[in-house]
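Since the structure comes first, as structure tokens, the remarks are kept for the end.
Coordinate-derived values only; no laboratory data. What you see is a predicted model; the values in this text were computed from it and never measured. In this analysis, Cβ positions are derived from the backbone assuming ideal geometry, glycine residues included, and neighbour counts consider all displayed protein chains.
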Amino acid sequence: MPRLSSGRHRKRATIGLAALLGVSGVTAAAIALSSPASNAAEAPKENCGGLDTALQNNLNFIAGQQANPDAQSAARIANRQAVVDLIQQRRVVAECTANVVANNGQAAPVQQAPAQQAPAQQAPAQQAPAQQDQNGAAATGDVVCPGSTVTLSGEAGAPAASSNQFPAGTKLKVTNLDNSKSTTVTVTSVSGSCALLNNAAFEQVREPGKFLIRRARIERVG
């Protein structure tokens, strides 16, 4: 009789400890079954459901403490881990095979579709700076007299041109396509060609040793 009484006292003490740790009734039963006074034969397979529930409850508690820890979390987790170890021992004896994991009740995060990136705004195409001619002018105009050659009149003075198609005061831009040099001059007199440059203007666009521009572009800019 004293031995039976002692066994009952140990069982009550174990359940009391489980209650102090906040373990559910099912978990308390698992601890009682795991006490030294228990026998492996006392844990039949039909207890697997209860053991699994107790195990998951304690795993949930541990996960919750790990997610939101405070000053007492470490001690609580250690206590519950000891309970988990006892339950696992009983599950082995009872041949429980379910894969029990923590489930804190939080829904799995919904994977949002990747945000569509706005199409990259292309930088506005940079326009090539207008090519300045020898007189610093950067104006462009209507191409006139296509295919015409340009030569010099032999006249002195400031850069100027003469023409048989444009009146005095018309501004012409003449570009030597062989060397990309250009000059903008004002028509001051009449000549026998579309654009005839005086000496000063011709020097601004000529190639050394040449007195004729065979590949020229003539533009009326004013």
Net +/- balance of residues flanking residue 148 in space, Cβ distance below 13 Å, scoring K and R +1, D and E -1: +3
Relative contact order (percent, whole number), region 162-218, Cα cutoff 8 Å, 6+ residue spacing: 44 percent
Nitroxide proxy distance, nm - points 7 Å out along Cα→Cβ at residue 142 and residue 56: 8.9 nm
Taking all pairs of distinct alpha-carbon atoms in region 142-220, Kirkwood radius in angstrom: 11.9 Å
Per-residue Cβ neighbour rank within 10 angstrom, fewest leading, 194, 48: 48, 194
Local electrostatic count, residue 170, Cβ distance below 15 Å [Lys/Arg +1, Asp/Glu -1]: +1
Among 186-192, 174-180, the order from most to least packed when residues are scored by Cβ within 10 Å on average: 174-180, 186-192
